[in-house]
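Trainee: The structure under discussion is supplied below as structure tokens; questions concerning it will follow.
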Amino acid sequence: MLDVRRLRLLHELKIRGTLAEVADAMKYSPSSVSQQLTLLEKEAGVKLLRKSGRRVQLTPQAEILAEHAAALLATLERAETDLAASLTTVTGTVRLAVFQTAALALMPDFLTIMSIEYPEVRVEMTQREPETALYETWARDFDIVVAEQYPGHAAPHHPGLDRAILAKDPIRLAAPRTDLGGKPISSLADTASMAWVMEPHGAASRHWAEQACRSAGFEPDVRYETADLQAQIRLISSGNAVGLLPDLVWAGGVAPVRLLDLPGLPERTVFTSTRTAGRIHPAIRACREVLERVAAERM
């Protein structure tokens, strides 16, 4: 009989790539992971790993077992979900990954409502970039992710993850209340010679913002880079830059900057995602329902 815990380690090795990453994810030592996989080889009666430089690779037989392990883990998650659904009290721990603006705008009200309406549910929140968080939710590091998707920049899809739209979030040009250098700003094209603040290279928002500027006929002078949108707001409101910001950053409050509509009125999509095997778990359903309520009020 194959040991389920060892099969999970094999599955983790397939998706994470190294023994060190498996050990980190599973809170084991690398030597313990290696020992457990050696025992799994003995149980299976076939070689599962082979050396490749300083790493290990899965053999064809290991690939077969890893696929069955993934199916088995999904079955176990569905069993846990069905068991939880049979109870009269909504309980359990939900691990939630969320990007910065959603954490600022949605999490305070969300956590307050959850503590009142579902006191037996423990919510653990971690701030993560959407692309990383989607992968980590697929890999079972999180149960729910609140993610974003910019126009024309689809967020990664992972097998076994669903998606539910929370809101459409308008994106606007943010400029200081006083015109920079005495130059009036009435459109995106008027910012061609001005200093810009954007997220670092690699972020979907950065690529989208650069394309928006290029479509307006200029290459943005990006002098300031930060993934912290609160820092971006301070740079803009103080008169040092312009930028493109989604409405969610204002969280229903008054923006300390001047906001101008962009051509085509672009919007980013804010959505939640969870594994399909566990999406009907009462605690997960409760979290998504409350998130939807809070988003509807905020946006």
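The values are calculated or read from the model by the stated rules, or taken from the named source; none is laboratory data. Quantities reported herein were computed from a predicted structural model and do not represent experimental measurements. Cβ placement follows ideal geometry from the backbone for every residue including glycine, while neighbour counts extend to all protein chains displayed.
Trainee: Would you mind finding the one in Asp247, Asp261, Asp228 that is farther than 30 Å from Asp143 by Cβ and among the acidic types (Asp, Glu)?
Mentor: Asp261
Trainee: Which of the residues that make up the range 188-204 are out of contact with any Lys or Arg (no Cβ under 8 Å at 6 or more places or on another chain) and either more than 19 Å from Asn240 (Cβ to Cβ) or surrounded by 20 or more Cβ atoms within 10 Å (Cβ to Cβ) (or both)?
Mentor: Once the filter is applied, which keeps residues that are out of contact with any Lys or Arg (no Cβ under 8 Å at 6 or more places or on another chain) and either more than 19 Å from Asn240 (Cβ to Cβ) or surrounded by 20 or more Cβ atoms within 10 Å (Cβ to Cβ) (or both), the range 188-204 yields Leu188, Ala189, Thr191, His201, Gly202, Ala203, Ala204.
Trainee: Ok, one more. Search the range 242-256 for residues being modelled with pLDDT under 95 and aliphatic (A, V, I, L, M), and hand back the single one that is farthest from Met198 (Cα to Cα).
Mentor: Restricting to residues being modelled with pLDDT under 95 and aliphatic (A, V, I, L, M), the top hit is Val254.
Trainee: Among the candidates Val290, Val254, which residue alone is crowded, with 19+ Cβ neighbours inside 10 Å and within 25 Å of Ala103 (Cβ to Cβ)?
Mentor: Answer to the selection: Val290.
Trainee: State which residue is farthest from Val98 (Cα to Cα) when the search covers only the range 116-162 and only residues that are buried (at least 16 other Cβ atoms within 10 Å of the Cβ) and among the basic types (Lys, Arg).
Mentor: Only one residue fits best here, namely Arg140.
Trainee: Turning to a different aspect of this structure: Looking at (1) assigned to a loop (DSSP other than H, G, I, E, B); (2) under 24 Å from the mean Cα position of the chain (by Cα), which is the one condition that is false for Thr88?
Mentor: (2)
Trainee: Something else: Sort out which residues of the range 216-272 are touching a residue at least 40 places away in the same chain (Cβ under 8 Å) and acidic (Asp, Glu), and write them in order of number.
Mentor: Passing the criteria: Asp228, Asp247, Asp261, Glu267.
Trainee: Quick check on this structure: which one of Arg177, Arg122, Arg128 is outside the structural domain of Glu12 (by TED's automatic domain parsing) and under 12 Å from the mean Cα position of the chain (by Cα)?
Mentor: When all the criteria are applied, what remains is Arg128.
Trainee: Restricting to the range 92-115, what's the tally of residues that are among the β-branched types (Val, Ile, Thr) and either loosely packed, with under 15 Cβ neighbours inside 10 Å or within 19 Å of Thr276 (Cα to Cα) (or both)?
Mentor: The number of residues fulfilling the criteria is 4.
Trainee: Among the residues of the range 35-51, which ones are surrounded by fewer than 17 Cβ atoms within 10 Å (Cβ to Cβ) and under 18 Å from Ala23 (Cβ atoms)?
Mentor: If the condition is that a residue be surrounded by fewer than 17 Cβ atoms within 10 Å (Cβ to Cβ) and under 18 Å from Ala23 (Cβ atoms), then Gln35, Thr38, Leu39, Lys51 are the ones that fit.
Trainee: Moving on to the next point. Just to verify a result, which residue in the range 199-210, among those that are more than 12 Å from Tyr150 (Cα to Cα) and out of contact with any Ser or Thr (no Cβ under 8 Å at 6 or more places or on another chain), is modelled with the highest pLDDT?
Mentor: Glu210
Trainee: Let me ask you something else. Only one of (1) touching a residue at least 12 places away in the same chain (Cβ under 8 Å); (2) closer than 23 Å to Tyr135 by Cβ; (3) crowded, with 17+ Cβ neighbours inside 10 Å; (4) not acidic (Asp, Glu) fails for Ala23. Which number is that?
Mentor: Against the list (1) touching a residue at least 12 places away in the same chain (Cβ under 8 Å); (2) closer than 23 Å to Tyr135 by Cβ; (3) crowded, with 17+ Cβ neighbours inside 10 Å; (4) not acidic (Asp, Glu), Ala23 comes up short only on (1).
Trainee: Return the residues of the range 94-110 that are in a helix (DSSP H, G or I) and touching a strand residue (DSSP E or B) at 6+ places or on another chain (Cβ under 9 Å); say none if nothing qualifies.
Mentor: Passing the criteria: Gln100, Thr101, Ala102, Ala103, Met107, Phe110.
Trainee: Quick check: anything in the range 262-273 touching a strand residue (DSSP E or B) at 6+ places or on another chain (Cβ under 7 Å), over 24 Å from Leu134 (Cα atoms) and buried (at least 16 other Cβ atoms within 10 Å of the Cβ)?
Mentor: yes
Trainee: Evaluate the following for Cys213: is it within 18 Å of Val145 (Cβ to Cβ), part of a helix (DSSP H, G or I) and either assigned by TED's automatic domain parsing to the domain that holds Leu134 or in contact with a Leu (Cβ under 9 Å, 6 or more places away or on another chain) (or both)?
Mentor: Answer is no for this residue.
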